[in-house]
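What follows is one structure encoded as structure tokens, with my remarks underneath.
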Amino acid sequence: MKKEIHRWKKVPLSSGIEPISLITAFTSRYSEEYRFAGEMHDFWEIVLVRQGSLWVAEEQKIQNLKKNMFILHKPMAFHRLWCLSEGVVEFKILTFEATGDMLKRLEGLSGSCPWQLADRLAQTIDLAHSFLRGGGEQTDLRARIKTRLASILCELIEFQSNEEEIAEMSDVSRILTAIDEHYLEGLTMEKLAHYCRMSESKIKKEFHSVYDGGVMKYVCRLKMRDAAAMIEKGMSADQICEALAMCDKNYFSFVFKREIGMTPSEYRRLHGSEP
């Protein structure tokens, strides 16, 4: 009788999404007008609204989030939020680092989610807050948070926003689109007014309704976001300055630290490689 030989094939499983660290977890509550100037950082952030109405801007995307709506900010995406004096606004924020094959699908994720999922996310953020306040020593709680967060992030992928939930701010969107298309071309207010077919004064007024700091400050943030990505790819400071049309390396280092919170060399040690 012929002997049957088994050849076993190993098939790797997708790693999905694996949270690897927590940075912050907190709840904010406002009953009056509030404006957060904005930031960008090298980790993920999820914002969940539990009461009221919150405006959120992430570069070209501007949304009005209401109860049980969320948005995920990817690393190095400049974002800000504000609320108007229209009653109490309560929202929860969790910032974290993660890895996995599905991580790319979290980029740009936002919209409504079922109340059961929103409750689980809110409870997980509260658990993370307690964990961080306790110094991260509770081993059982750490494992519980990691499992819950991984599961929730995978589920959120199934509940992306639809077009009806995107805030309609056509003038601001036109300005942001023009900036995104031309910010590496020596953009000036005069050129931007031409691209948008608006007056400079109208551009400044509309832009300020969403982003603090002015148009050129925003352009600078976009360039520093690109610079961070270039550092991660191993590009030198000279190559980055040339790509961003910045002739002074010292000025580039100053601006990068102002916007990112660390020098290009410090960022390279954490995220990049030597050019």
*Which of (1) in contact (Cβ under 8 Å) with a residue 12 or more places away in the chain; (2) open to solvent by less than 50 Å² (accessible area, probe 1.4 Å) is the odd one out, the single condition K233 does not satisfy?*
(2)
*Could you tell me which residue of the stretch 156-174 is farthest from F207 (Cα to Cα), considering only residues that are at pLDDT below 85, assigned to a helix (DSSP H, G or I) and open to solvent by less than 50 Å² (accessible area, probe 1.4 Å)?*
E165
*Evaluate the following for R221: is it touching a residue at least 24 places away in the same chain (Cβ under 8 Å), among the basic types (K, R) and open to solvent by 30 Å² or more (accessible area, probe 1.4 Å)?*
no
_Looking at L153 and the list (1) part of a helix (DSSP H, G or I); (2) more than 30 Å from V215 (Cα to Cα); (3) modelled with pLDDT under 85; (4) not β-branched (V, I, T), which single condition is not satisfied?_
(3)
*In the stretch 193-218, what count of residues is obtained for those that are small (G, A, S), open to solvent by 50 Å² or more (accessible area, probe 1.4 Å) and closer than 16 Å to D171 by Cα?*
2
*State whether one or more residues within the stretch 41-53 are of a type in the set (S, T, Y), modelled with pLDDT of 90 or more and open to solvent by less than 40 Å² (accessible area, probe 1.4 Å).*
yes
_What pairs come out if I take residues in the stretch 175-196 that are free of Cβ contacts under 8 Å to residues at least 40 places away in the same chain and closer than 21 Å to C247 by Cβ and pair them with residues that are in a helix (DSSP H, G or I) and among the aromatic types (F, W, Y) whose C-beta lies under 7 Å away, six or more apart or interchain?_
H182/Y195
*Among what's in the stretch 250-267 and is hydroxyl-bearing (S, T, Y) and within 16 Å of E232 (Cβ to Cβ), pick the residue that is most open to solvent (accessible area, probe 1.4 Å).*
S265
*Within the stretch 117-136, which residues are exposed (fewer than 15 other Cβ atoms within 10 Å of the Cβ) and touching a helix residue (DSSP H, G or I) at 6+ places or on another chain (Cβ under 9 Å)?*
Q123, S130, G134, G136
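The values are calculated or read from the model by the stated rules, or taken from the named source; none is laboratory data. Computed from a predicted structure; not experimentally measured. Cβ coordinates were reconstructed from backbone atoms using ideal geometry, including for glycine residues, and neighbour counts include every protein chain displayed. Areas reflect the complete protein model, heavy atoms only, side chains present, ligands, DNA and RNA absent. Shrake-Rupley method; radii C 1.70, N 1.55, O 1.52, S 1.80 Å.
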